[in-house]
Amino acid sequence: MSEWLYAAVLAAVVCAVIYLLYCKGFGVLKSTTAILFVFRRGKKAHKATLDSCTGRVKYVGRFRESKVYEFTFDAQLSKGNVEVTLLDKKKQELLKLNRQSSFGKIEIDAKNKYYLRWDFKGATGTCELHW
């Protein structure tokens, strides 16, 4: 019986660590299908290289300073569409960027939690989000 208890405690600890990493912006939730999917996160830019990608990537955006941020979305796609959405802690949409609307300004409070969500619809090419 004690083996089951150890296994349950270990599973709970692993789940707690994964959750904490996600909340601090180190973890990423990804649900995509693609021939090629390369996603790189940096301090002031995130970049994706795609081939026939459909799905979603969502993660906690880490903003170190409270200020007005200028977001620029640069998409070099041969087909499909990509959309990036900034959400607040209640997951309400604050800013949506795509090829038609590639620039936006918003005031960010570093004390609050924000999410970045990338939605891919049959996308092939590269795209980058700068701030």
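The values are calculated or read from the model by the stated rules, or taken from the named source; none is laboratory data. Quick caveat: nothing in here was measured; it's all calculated off a predicted structure. With ideal geometry, Cβ positions are generated from the backbone for all residues, glycine too; neighbour counts draw on all protein chains shown. Surface accessibility is based on the protein's heavy atoms, side chains included, excluding ligands, DNA and RNA. Shrake-Rupley method; radii C 1.70, N 1.55, O 1.52, S 1.80 Å.
Quick notes on this one:
- Over the range 70-131, relative contact order from alpha-carbon pairs under 8 Å, at least 6 apart, %: 52 percent
- Taking the accessible area of the range 57-126, probe 1.4 Å, and keeping the other protein chains in place, the carbon and sulfur fraction comes to 41%.
- The chain - percent relative contact order, Cα under 8 Å, separation 6 or more: 30 percent
- Virtual spin-label span in nm between ILE18 and GLU3, 7 Å along Cα→Cβ: 2.3 nm
- Prolate/oblate/rounded label for the chain (Cα gyration tensor, a/c 1.5): oblate
- Of LYS30/LYS111; LYS67/LYS91; LYS90/LYS111; LYS89/LYS111; LYS44/LYS67, pairs whose Cα-Cα distance is over 18 Å: LYS30/LYS111; LYS67/LYS91
- The stretch between GLN76 and ASP51, if pulled fully straight at 0.36 nm per residue, gains 7.8 nm over its current Cα-Cα span.
- Packing-based order for 45-52, 4-11, 74-81, using average beta carbon neighbours within 10 Å, highest first: 45-52, 74-81, 4-11
- For the chain, the per residue solvent-accessible surface stands at 63 Å², with DNA, RNA and ligands left out and a 1.4 Å probe.
- Förster-model FRET efficiency, 25 Å R0, SER31 and ASN98, C-beta, rounded to 0.05: 0.85
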